[in-house]
Amino acid sequence: MKRFSIFVCENYIPEFEYLVKKEQLDDIELVSFPTFCDGGFTPNEIFDNPAFHRSSYSNAVLFCGQTCPAPKKASNGEGWFQIVESPYCYSNLIGKRFCRFFAEEGYYVVSLGWLNKWDFHLKRQGFTQGTAREYYKSWCRKLLFLDSGIDGAAKDRLDKLSAYLEIPNQTIPVNINSLRLLVKEKLYAWKLKHSFPSINKDSQVREIQEQNANNAAALHIISRIAMAGYKRDVISMLDEFWLLIFGATRSRYWPDADPESDCPDRIKNLELPDGQSFILDDETTTLYAPLKLGGNNYGVFEAGGFLFPQNISKYNELFNSVIKIAALAISNAQRYEELVASRNQYEYISYHDDLTGLYNRAYYNKLCSTLSLSYPGGVFVIDVDGLKNVNDTHGHSAGDTLIQVAASTLRKIFRAKDVVIRLGGDEFVVIIEDCDEQQAETLLRRLQQNMSAVDTTLHDVELSMSIGYFVTESEEDSLEEMVHKADSKMYEHKRIKKEGLSYRGE
């Protein structure tokens with residue numbers, strides 16, 4: 001008996017094994033190939049593996065990421081299988097927006113298959129515990145485990161890995177519904193090609209064709225919903241789903257069905273019969289779908305005014321699939337938004353001075369490597385005079401107050417779009433787009449005029465700052481060069497003030 005062969009990386013084989021067993025897909029034969037991400041093996045380990053012998057299979061399917069060399073290694077140049085390629089290995093388990101975010105942020109995504117043998121994988125990569133910690137901690141801020149809920153002991157293994165690498169971890173729930181539909185779509189297409197050559201089985205062919213069409217439609221919808229990163233996008237896609245697929249003239253998402261909320265009683269008192277994921281009120285032709293996942297409630301979706309209510313009962317499986325993925329998508333959207341907020345907070349802390357709230361030296365270093373200053377543009381270097389004396393006379397808290405007053409003054413003088421940076425101690429840098437010599441002199445005068453009017457709250461201390469600026473002379477001027485030249489002028493200003501002379505910043 002022919003069987004449909006699916007090739008899967010060992011990192012993701014547990015989800016496929018669970019799916020095949022749960023759905024009783026006896027026509028499927030799963031073939032696991034080693035992860036190419038580890039390295040440490042020769043091509044012969046692939047070519048000599050009986051799993052990849054061409055004679056054993058007919059029109060197989062191989063699941064992989066875009067950067068995976070498995071297709072080339074396995075086929076040895078022969079196109080005897082179909083490739084189902086996704087941007088990342090784990091794209092079939094979670095949306096593309098998540099995938100991009102994880103890659104950009106340097107999060108290390110851990111699959112169940114990899115986690116089950118994490119110590120083996122690290123050894124195969126040639127790591128000791130010390131070198132593994134050094135390597136992963138140099139770029140990885142967090143371990144993210146994609147948890148499909150099929151292994152209750154996975155969290156313990158994740159915690160052990162986290163302790164081993166000394167890197168925090170977080171679990172992201174994933175749903176294999178989209179994977180289930182994708183596998184079934186490929187299976188039914190294979191069946192149509194290989195299992196029904198006789199015209200005497202037309203009814204079976206039509207049945208499989210209909211199943212395949214339904215799976216393809218559901219997969220398209222679910223994939224779009226799963227790709228959404230923000231909660232509002234998930235809700236918008238659900239609205240579109242009810243309208244375009246089933247002609248619902250009205251739909252609404254109730255985010256909070258708690259008894260104390262303001263939602264109507266029909267939502268507060270909603271109870272589902274056992275085994276059902278939604279209720280259809282025949283009298284009002286209104287569908288109610290509570291969105292639940294892992295014991296958590298994510299609101300209720302209400303849709304009604306169907307143009308074709310007689311068709312609704314035909315699509316129970318499609319409803320169930322979309323409702324489940326919607327709950328997961330909203331749950332993950334909340335996590336995505338939390339991760340973005342965490343990243344924004346991390347970036348703010350990383351790039352801002354905690355005393356003044358201005359940008360800090362780390363941000364300045366980043367700008368030096370990334371910023372192309374417009375021509376003309378200007379740079380001011382500013383130094384607070386007498387800080388050491390204030391610290392020695394009044395204490396460091398008074399010195400901090402003086403720095404904060406200086407920062408506040410700079411905020412008032414310069415525009416919101418100008419970049420004001422505290423490099424450290426008593427030194428500030430201001431980067432100004434579209435600044436010529438005349439504008440720089442105007443800013444210098446405003447700074448000098450405002451300093452005398454500033455109340456430092458220290459009775460015998462006045463705010464005094466030495467200032468130097470430099471305006472671009474050509475489009476090739478780099479930020480570092482401009483700061484260096486402005487810095488030289490600032491020290492010249494400091495020297496002139498000590499000698500009691502006037503200064504125009506030139």
State whether one or more residues within the stretch 255-268 are surrounded by 18 or more Cβ atoms within 10 Å (Cβ to Cβ), of a type in the set (Val, Ile, Thr) and outside any loop (DSSP other than H, G, I, E, B). yes
Boolean, residue 416 is in the same structural domain as residue 474 (by TED's automatic domain parsing), surrounded by 15 or more Cβ atoms within 10 Å (Cβ to Cβ) and either small (Gly, Ala, Ser) or within 26 Å of the chain's Cα centre (by Cα) (or both): no
Select from the stretch 155-173 the residues that are farther than 21 Å from residue 129 by Cβ and buried (at least 18 other Cβ atoms within 10 Å of the Cβ) and write down the one among them that is farthest from the chain's Cα centre (by Cα). 173
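Conditions tested, residue by residue: (1) out of contact with any helix residue (DSSP H, G or I) (no Cβ under 7 Å at 6 or more places or on another chain); (2) not polar (S, T, N, Q).
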| residue | (1), (2) |
| --- | --- |
| 359 | no, yes |
| 364 | yes, yes |
| 371 | no, yes |
| 376 | yes, yes |
| 391 | no, no |
| 420 | no, yes |
| 438 | yes, no |
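In the stretch 169-196, what count of residues is obtained for those that are part of a loop (DSSP other than H, G, I, E, B) and touching a strand residue (DSSP E or B) at 6+ places or on another chain (Cβ under 7 Å)? Before you say what the answer is, go through the steps one by one.
First pass over the stretch 169-196, keeping only residues part of a loop (DSSP other than H, G, I, E, B): 174-176, 195-196.
Checking which are touching a strand residue (DSSP E or B) at 6+ places or on another chain (Cβ under 7 Å) leaves us with 174.
So the count comes out to 1.
Take residue 378 and tell me if it is crowded, with 20+ Cβ neighbours inside 10 Å and either at positive phi or among the small types (Gly, Ala, Ser) (or both). Give the steps one after another, and end with the answer.
Numbers: crowded, with 20+ Cβ neighbours inside 10 Å: yes; either at positive phi or among the small types (Gly, Ala, Ser) (or both): yes.
In short, yes.
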Can you tell me which of (1) assigned to a helix (DSSP H, G or I); (2) more than 27 Å from the chain's Cα centre (by Cα); (3) among the β-branched types (Val, Ile, Thr) is the one residue 330 doesn't meet? (2)
Which of the residues spanning the stretch 101-118 are in contact (Cβ under 8 Å) with a residue 12 or more places away in the chain and part of a helix (DSSP H, G or I)? 101, 102, 103, 105, 112, 113, 114, 115, 116, 118
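The values are calculated or read from the model by the stated rules, or taken from the named source; none is laboratory data. Every value quoted in this text rests on a predicted model; they were computed, and no experiment measured them. Because the Cβ atoms are built from the backbone with ideal geometry, glycine has one as well, and the counts that use them run over all protein chains shown.
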